[in-house]
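Computed from the coordinates by the stated procedures, all read-outs in this text should not be read as laboratory data. All of these numbers come straight from a predicted model, not from anything done at the bench. Positions of Cβ are generated from backbone atoms using ideal geometry, with glycine treated the same way; all protein chains shown enter the neighbour counts.
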Amino acid sequence: MSVTITKSETSASVVKDGLRASSGAIVSVGVLSLVLNILMLTGPMFMLQVYDRVLTSHSVPTLIALGAIAIVLYAFFGLFSMFRSWMTARIGSSLDHRLAASAFDASVQIPLKTRGKMQKIEPVRDLEQIRSFISGPGLTALFDLPFLPFYLIIVYLLHPMLGLLGTVGAAILVTSTLLHEWLVKGPTADLNAKRQNDRGLIAAARDNAEVLSAMGMLPSLRQRWLGHHNKTLAANQKLSSRSAAFSSFTKMARFMLQSGALALGAYLAIKGELSPGAMIASSIILSRALAPVEQVIGQWRNFVSARLAMKQLEKIIPGLEQVETETKLPAPTQKLEVIGLTVMAPGTSDAALKGIALSLQAGDAVGVIGSSGAGKTTLARALLGIWPSARGEIRLDGALTDQFTKEVIGNSIGYLPQDVELFDGTIAENIARFHSQATSDEIVEAAKLAGCHDMILGFAKGYDTVIGEAGRSLSGGQRQCIGLARAVFGKPFLIVLDEPNSNLDQTGEMALNKAILALRKAGSIVMIIAHRHSALASVNKVLALKDGHQAAFGPRNDVMEQLFANQTTNKGELKVVKK
């Protein structure tokens, strides 16, 4: 089977690849910077001519001609400056357009495929940081910095001593910039890490707002967050103090150098070695030569943050993007095979599942049972492609799951997790998985299959009811029913239901069993992770797991008779016991 490797898999730098796509615009910014820095000489040259020519000749026509030329040049300067700002904004937007989808995918996949510090990486925010730096004054300051020698050469032409003074001043400021980079690099990374900790704690608190409120945890968690936040403020103050010190030193040095150049020019003028016009012009040119250094130091914090963000994007995006198949296989319709499957949670070396083997045909429904920690949810995550297999294979109609396109495999799978999360939008959009081409008939059919059609009609706006962020305006049973409708939308071939009856009453369970039978009749394979007997009423096979191993698999009645005594807890939880 032929495959196409995505660009980021063959490239060491997804951000640099994105910038290369805007190479024409970057070259244009470079050319505009050249023109603008030449036009920057308009003011000094105008003063030079006025002092040395107009004041000595008392020629008003010459003054008018020089003024007219200066006005035209300033107009071009304003026009080209506007064009350069447009181009940098275009480069930033172009990079965002190219990487936004990958950054979003990476943001979603990080919690699934990584553990530890990687959880706090925010690719979308990193991309915004890079775009803001490119579109702002930071990039233009970097483009202006290389023209410092150009201005110094002009000052040398006016008088070597002035040029030497400018060179010494430039060396001091450049050294200051390098020292500034060395001193703020570590604190900037530390500040970014602390900010991520703050945002992570706030996000966790919002996700668990009901628990915090009900159990009186808000004051304790607030105090914990304030402790983290105070450390963030301290890190920010430390970094700001260093940056402010270097920025102030740079301004002071530039002003002193400008005044020093004026004083030296005046001395040379008194000695007859320099004209008054050249004295004024050299002072202005030196000030302009060192202005980019001051701007770079002022923007250095943003530059370091953007560079760190770039490194993080380079690290995370290529590792999470997958190979996309070129040959499109048809959607699976016949069987599911699990062959010697061993699964490890991402970031760990311990196998959560070991040697699982089973085969299911279209129309089968299997109940997965076992005590907590037996590996039931891990099996679901592996079948759904959320966690990779360490060993073994998962095949649909004989093909590995990654041989199907993302679109085909996504439409062929339905999933109802233990904790149903809905998205801000209408009930219809959530059921349709936000597919823009979904028809009303398909949405209503899925709702009827899940047994929530009448419930939805009970809302004032029915299927067009906006449920709000995460669907928190709905009850647990309502969210679970709508989540079930989303899982069965389009009658996928493989449907995994993780404790689907946990929030359902007796009527809801009857509707669930009816839906499972209808799905089986339509040719779907249904896997039900269950703790209660009632969830197994509509299955024809049972898989029993114990400590990550396969304890038994086969027809429901045979497995139940083999492995289970008819004992339940007062909560109806099934227990695997040895005969």
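Tabulated data
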| read-out | value |
| --- | --- |
| Contour excess over end-to-end distance, with Cα ends at Ser81 and Gln361 and 0.36 nm allotted per residue | 94.1 nm |
| Residue-count net charge about Val31 - beta-carbon cut-off 15 Å; Lys, Arg +1, Asp, Glu -1 | +1 |
| Gyration tensor (alpha-carbon) shape descriptor, region 427-487, a/c threshold 1.5 | rounded |
| Estimated distance in nm for a label pair at Ala171 and Asp350, the labels positioned 7 Å out from Cα along Cα-to-Cβ | 6.2 |
| Calculated from backbone phi, Karplus (6.51, -1.76, 1.60) coupling profile of region 508-522 in Hz, x at Gly/Pro | x, 5, 4, 5, 5, 4, 5, 5, 5, 4, 5, 5, 4, 5, 7 |
| Contour excess over end-to-end distance, with Cα ends at Ala537 and Ile64 and 0.36 nm allotted per residue | 160.5 nm |
| Karplus (6.51, -1.76, 1.60) ³J(HN,Hα), θ = phi - 60°, over region 75-90, in Hz, Gly and Pro reported as x | 5, 5, 4, x, 5, 5, 5, 5, 4, 5, 5, 4, 5, 5, 5, 5 |
| Separation of the Arg222 and Asp464 label points, Cα + 7 Å toward Cβ, nm | 4.2 |
| Peptides ranked, highest mean first, by Cβ atoms within 10 Å: ranges 480-487, 259-266 | 480-487, 259-266 |
| Sites Ile153 and Ser248, calculated FRET efficiency, Cβ-Cβ separation with R0 30 Å, nearest 0.05 | 0.55 |
| Protection proxy ranking, peptides 279-285, 447-453, average beta carbon neighbours within 10 Å, highest first | 279-285, 447-453 |
| Matching label, Kirkwood radius over Cα pairs in Å computed from the structure shown, candidates (i) 25.9; (ii) 27.5; (iii) 29.4 | (iii) |
| Cβ-based net charge around Asn411, under 13 Å, with every Lys or Arg adding one and every Asp or Glu removing one | +3 |
| The chain - percent relative contact order, Cα under 8 Å, separation 6 or more | 15 |
| Using a Förster distance of 56 Å, the FRET efficiency for Arg433-Leu179 (Cβ separation, nearest 0.05) | 0.55 |
| Percent of C-alpha pairs per 10 Å bin, region 335-563, short to long | 8, 34, 35, 19, 4, 0 |
| Region 335-563: relative contact order in percent, alpha carbon pairs under 8 Å with at least 6 residues between | 29 |
| Estimated [θ] at 222 nm from DSSP helical runs (n ≥ 4, -39500 (n - 2.57)) normalised by residues in the chain, nearest 500 | -20000 deg cm²/dmol |
| Phi to ³J(HN,Hα) by Karplus 6.51 cos²θ - 1.76 cosθ + 1.60 over region 65-70, Hz, x for Gly, Pro | 5, 5, x, 5, 4, 4 |
| Loop trypsin sites (Lys or Arg not before Pro), region 250-302, which have at most 15 other Cβ atoms in a 10 Å radius of their Cβ (DSSP) | Lys271 |
| Residues of type aspartates and glutamates that Lys238 reaches as a straight line, Cα spacing below 18 Å, ignoring anything fewer than 8 places off in the same chain | Glu181, Asp190, Asp198 |
| Förster radius 51 Å - calculated FRET efficiency between Asp547 and Ser23 (Cβ-Cβ, nearest 0.05) | 0.35 |
| Peptides 47-53, 172-178 ordered by average Cβ neighbours within 10 Å, highest first | 47-53, 172-178 |
| Amide H contacts of Val496 (H built 1.01 Å from N, under 5 Å, at least 5 apart or other chain) | Gly414, Tyr415, Leu416, Met527 |
| Listed residue pairs exceeding 27 Å between alpha carbons, taken from Lys514/Lys546; Lys406/Lys461; Lys354/Lys541; Lys376/Lys521 | Lys514/Lys546; Lys406/Lys461 |
